[in-house]
1. How high is the relative contact order of region A:27-101, in percent, counting Cα pairs under 8 Å that sit 6 or more residues apart?
2. Label-point separation (nm) for A:Ser123 and B:Lys328, each offset 7 Å from Cα along Cα-to-Cβ?
3. What nm distances, shortest first, do you get from the label point of A:Lys296 to those in the other copies when the point sits 7 angstrom along Cα to Cβ?
4. How charged is the neighbourhood of B:Asn334? Take every other residue with its Cβ under 13 Å from the Cβ of B:Asn334, and add Lys/Arg as +1 and Asp/Glu as -1.
5. What FRET efficiency would be calculated for the residue pair A:Asp216, B:Gln42, taking the C-beta separation as r and a Förster radius of 56 Å, to the nearest 0.05?
6. List the aspartates and glutamates whose alpha-carbon lies under 13 Å from that of A:Lys292, not counting same-chain residues fewer than 8 positions away?
7. Please give me the summed charge of the neighbours of A:Leu100: other residues whose Cβ is under 11 Å from its Cβ, Lys and Arg +1, Asp and Glu -1.
8. Go through region A:79-120 and flag every residue whose accessible area shrinks by 50 Å² or more with all protein chains in place compared to the isolated chain (probe 1.4 Å).
There are 2 protein chains.
Amino acid sequence: VLSPLMSNPITEDIDVLVFLPRNNSYLFSYARVAPAILYAQQRLKADGGQYSGFRFNIQFENSDCVNDALFVLADRSCGRKPDLILGPVCEYEAAAVVRLASHWNIPVISAGALAAGFSNKNSEYSHLTRIAPSYMKMAETFTAMFAHFGWKSALLVYEDDKEERNCYFTLEGVYHLMADYHIKTYAFFQEDRLDTDDILQNIHDAEAVIMCMGADKIREIMLAAHRRLLTNGNYLFFNVELFNASSYGNGSWKRGDKYDNEARQAYASLNTVTLLRTIKPEFEKFSMEIKKSIEKAGLHDCKDCANVNIFVEGFHDAMLLYAIALHKAMKNGNNKKNGTQITKQMWNITFEGIAGQVSTDANGDRNGDFSLMAMTDVAAGTYEVVANYFGVNETFQLLPAFNMDHFTLRGRRKTPTEIS
Amino acid sequence: VLSPLMSNPITEDIDVLVFLPRNNSYLFSYARVAPAILYAQQRLKADGGQYSGFRFNIQFENSDCVNDALFVLADRSCGRKPDLILGPVCEYEAAAVVRLASHWNIPVISAGALAAGFSNKNSEYSHLTRIAPSYMKMAETFTAMFAHFGWKSALLVYEDDKEERNCYFTLEGVYHLMADYHIKTYAFFQEDRLDTDDILQNIHDAEAVIMCMGADKIREIMLAAHRRLLTNGNYLFFNVELFNASSYGNGSWKRGDKYDNEARQAYASLNTVTLLRTIKPEFEKFSMEIKKSIEKAGLHDCKDCANVNIFVEGFHDAMLLYAIALHKAMKNGNNKKNGTQITKQMWNITFEGIAGQVSTDANGDRNGDFSLMAMTDVAAGTYEVVANYFGVNETFQLLPAFNMDHFTLRGRRKTPTEIS
């Protein structure tokens, strides 16, 4: 995509307003994501290609995941409006900003705003492009799996907080997409004591349990399920690892406590749905650079910081996507202020992102590729990817490590509908 | 409050931005409410009192109950910001406007924004004063009643829509305030078929059923309950008549169909909580004026239009409240741009509104007075007010028409806690 050397690249100054939290507790904090955006900026400028004439003037503003981003945007409405907005990630804050930006004809690209509500681009979210796979895209992995294996029912268990609500929105996506299945939900609040008995009492008429919560709570539930003999193949357990960030559980059962052995056995029944990871040399270099930037910034307090998560990757690719779209729009006779036209150019295209191919659908949402991981060696307690789901063509692909027996429900009376 | 003749009234020009829907399907549409605001403006000017020096420059803008109000406000941020905002009523639209107005130090008075979330005035809703009793205030009537009669459990049944969500927010208020009681909820969507069997299956371990929904659906449920012999005194049924608007049910069982007789008997068990109505000569005059304005505007399509509902009354009183507060603030050396100071002056005061005394609490929310209506003549099927709840001093007052027998649960085993 970044084709080399054109004699006269189109030149333009582009004001970019970026909303990222200064607070490092977020996976998408300024300290983590800004280096990726600057990396993309340098790359676009340095390679001398057709986008090297774009001069990005990037202004970073704080996002507090409440109202800061809206206030900054509204306060600036007097002066020059930005040409492009990146972020915010948090759903509620993003909703307000995207509405106002759409009203003002400013394109917004976010690696967040992943909730189902943002899918409706007909009115208030018209100028939003989502550069990370939304929760609905992730949910496709489950519908593809359920269709493939013939499962019909699930219990969705999630931990809700009163702020970001990632797990609420994640399983909301699953709930919406699985309207034709028999779905029950169970929510608990982060600050409440985890009542595993109460949760497991709700399991009986479900074939699958789909969980979204912190990694330690997943372990608690799996241990409780194991003690109640629910991990003997009568039920399927899934958890969702969000954002390539291990905090939501990545299949790791080890804690160095006395329950490790029991947990390993319990996790033999737990399967993890995660973003598909690709490795290419360019990505390795990018990862190294990001790691260096974070070290230079002295960010030692943050767990998991060296990891390039989907936000870091996404906001990098957002810069590329915008450059491609603006270039096309300008060649078609538009200018940087034609937000609607530029937005349309970002939709329904495929380009080479920093970690692999990125494609957006006709609705301006990134197609998602996900992996299904399962324990393949119970003695060692190790996981492997056993299947992949490719969003762009909606295919569910089994890999050599896949074992049908592992995904077959045992000891179940077949229902009349299943027999007929 | 509008004390006569002072030699030198304080003068000031005040820009008021009013958000009301042009769409007449709303109880708080422009056509209904604007005459009340203009009436208050005239009254303040004409009486030659201490507020007659205030010249209100009132600009009406459309509220679409989505984003219009936010967009208008943000677009205007370049030019002169208004000194006062009235409305919006709709919760989601109001949330965005109040946030931005609070950020810009502009007082907002609304007869809406009644949901529990707006009670937190510490941050984003700091400049909001609510001139109609919020849903939490209405809920106090229930806690007062439950405390008085010793009831312990309730089933909350409500009809949700995907727009205004009045009934959702109403029973959310009840749910929040009754956290110490045993409460279950049952929701159904407006567009769904009403499944009275399913609703009534949830009734058994509740003493009271509290309903919020359209008047016809209340009748359907009451008829179904009657046929299942649930109206024999084993359960208490309540409905909430919102906004002094009969669309949510005001105890009227008559439809002129073959079920009228049965409905009358069923409604003998239904009690209605409604805003307390006061009659004073001034209010009669106001009502006549509003009625005339609405007739002049040729508003014949709107049901129930001649009725002065709480929105009409509230926005009238909002003008008075602001005049009182601005006057005090200016006497204290502030000016109209000191939004925080003016807002504080509107809180924790009592004044004479168009329909009776209005008092706001220390949190800037209007105290509510509510009436409990019950059928007192089953043969005739007529209702009377049997008790009142006064928010300002939290008292529950029984009236002569009150009949204890009507509010005594029959055929119930007493639980150990009740005996002890």
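1. RCO, region A:27-101: 24 percent.
2. 4.0 nm
3. When each copy's label point is compared with this one, the spacings are 7.1 nm.
4. +3
5. That pair, A:Asp216 with B:Gln42, gives E of 0.30.
6. Of all the aspartates and glutamates, those that pass the test against A:Lys292 - Cα under 13 Å, at least 8 places apart if same chain - are A:Glu284.
7. +1
8. When all protein chains are present, A:His103 each give up 50 Å² or more of accessible surface.
The values are calculated or read from the model by the stated rules, or taken from the named source; none is laboratory data. These numbers come from a predicted model, not from an experiment. Don't worry about glycine lacking a Cβ; one is built from the backbone with ideal geometry, like all the others, and counts go over all protein chains shown. Ligands, DNA and RNA are excluded from the accessible area calculation, which covers all protein heavy atoms including side chains. Shrake-Rupley method; radii C 1.70, N 1.55, O 1.52, S 1.80 Å.
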